Each structure stands twice: as structure tokens, then as C-alpha cells.
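Have a look at the structure below, then the notes.
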Amino acid sequence: GGTPKWYTSPGMKRGQVIYNFDTAKNYRTKVIVEGPPDVWGFGPQAMGIFGKSMADKQRKLLRSCTKDGDVIVVMLDPDQHEDERDKVHHIVKLKEQLESSSTFAGRVVPVYLPSGSDPGELERGYMRQLMKEAAARQGLALPPDRHAKSERMVSLGTPSPMRLRRTT
């Protein structure tokens, strides 16, 4: 509750969109992050879900662009709120939620960043190395992304770009 972290387009329902979907869907390795700054920090493979969990509509969008051999990387901010410390970690929860669908079974790679960090702040090469190591621990090789379309402006997949304004 409380003050929203981001102001977006009036009437936008965050659970119905994935930030940067139109670009990231073209990659064989899709990286799930929390928000726009994390997408900007990681790069064009990243999809922002506007929080630590995915709504049904967002999972449906992700399923629609996932092909055989694709890998889904979950790279959320690692720290949990104090009142959530005795609960299942949000990264584990999202991995389990995604793998309950046969589309993603065995192809979801959780990446745990250092405490106090997030994808919007870390060096891209470092994050990609963590991603490769996490996939290897699961016996997965990340597919090459030679076939991804050229990088272009991050968008919501709507005709006009979404304007974001940080509230804090």
C-alpha cells in the first residue's frame, strides 16, 4: 500500500502489461526484472513486470512469445521486506509459479544478486555472468541470441511510448 513507486499512463493496469515486451520477446533468453530502471540497466532482453510477482495476463504474454529451447531468467531485486522474511522468497515463488506451466517447466533460472543491489545498478557483464553461472548450475545452456531483432527504444508494445515519472 501507500504511495505508488511510479506514475504511469492514467488507467494503466500494471498486471496487464510487461515493460519492454515488444523488444525482449525476440530474444531466446528472456530476463524478468521488476521495473523500467532494471530494464534500462540490463538491456533489451529484460522485461519489467512492475513488481515482484506476475499477474495471469503477464504470464500469458510471456507464454505467447516463448518457444522451445527458450530460457526465462528471474532477476528480481534480492532483498525482502522485513515482514516477509519468514515467507518463501519472492524469487523462488515466481520461479515455482512459472514452472507450474508446462511451457516453462525446467527452463526458469533464478539469479540472486548481491544483497542491496538491483539490475538497474549493476554492470551488465557482471549480471550476464551471474545468469550464465546460474543456468549452468541447473544444467542449462543459455541459447544464443543471434536471431534477436536489432535493439530499439524500450516500449510497452503500445503505439505511443509510455511516460514514467519517479515519485521518490
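The values are calculated or read from the model by the stated rules, or taken from the named source; none is laboratory data. For clarity, every value in this text was computed on a predicted model and none was experimentally measured. Heads up, the Cβs are rebuilt from the backbone with ideal geometry, glycines too, and the neighbour counts pull from every protein chain shown. For accessibility, only protein heavy atoms count, side chains too; no ligands or nucleic acids. Shrake-Rupley method; radii C 1.70, N 1.55, O 1.52, S 1.80 Å.
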* **Members of 13/87; 25/93; 95/132; 93/132; 13/57 lying beyond 19 Å, as alpha-carbon distances in this model show** => 13/87; 25/93; 93/132
* With every protein chain in place, what's the accessible area of residue 112 (1.4 Å probe, Å², nearest 10)? -> 110
* Structure fact -> Computed ³J(HN,Hα) along the stretch 118-124: with the Karplus parameters 6.51/-1.76/1.60, θ = phi - 60°, integer Hz and x for glycine or proline, the list is 8, x, x, 10, 8, 6, 4
* **Under 5 Å, built H, 5+ apart or other chain: amide partners of residue 74** => 32, 109, 111
* Per-selection Kirkwood Rh - the stretch 22-73 (Cα, Å, 1 d.p.) -> 11.0
* Ranked highest first by the average count of other Cβ atoms within 10 Å around their residues, in what order do 63-70, 30-37 fall? -> 30-37, 63-70
* Asked: What is the extension gain from residue 112 to residue 138, computed as 0.36 nm multiplied by their sequence separation minus the C-alpha to C-alpha distance, in nm to one decimal?
  -> 8.0 nm
